[in-house]
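Here is the structure we will look at.
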């Protein structure tokens, strides 16, 4: 939280000095928010949608194989 307060304080000082216009301020805030979001995403160890879908298909195939093996095992026990 302290970092956010420092960032806002720095922005406020620059605005007071007239060093920022509205476009610069918007760009600076967007860059700061993007940077913070990237840090958060890296900490959460997120994966892309494509990677998620691939893993989902692999898990579904493994689950299907397990069910098939269980059925075969049960058939052998009955014999």
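The slack between residue 14 and residue 67, meaning 0.36 nm per residue of separation minus the straight C-alpha distance, is 12.6 nm. To the nearest ten degrees, helix 49-78 and the longest principal axis of the Cα atoms of the chain are 20 degrees apart. Altogether, the Stokes-Einstein calculation at 10 °C and 1.306 mPa s, with the Kirkwood radius of region 25-64 over Cα pairs as Rh, returns a diffusion coefficient of 128 µm²/s. With only the Cα atoms considered, the chain has a convex hull volume of 103 Å³ per residue.
Computed from the coordinates by the stated procedures, all read-outs in this text should not be read as laboratory data. Just so we're clear, the structure is a prediction, and the values are computed from it rather than from any experiment.
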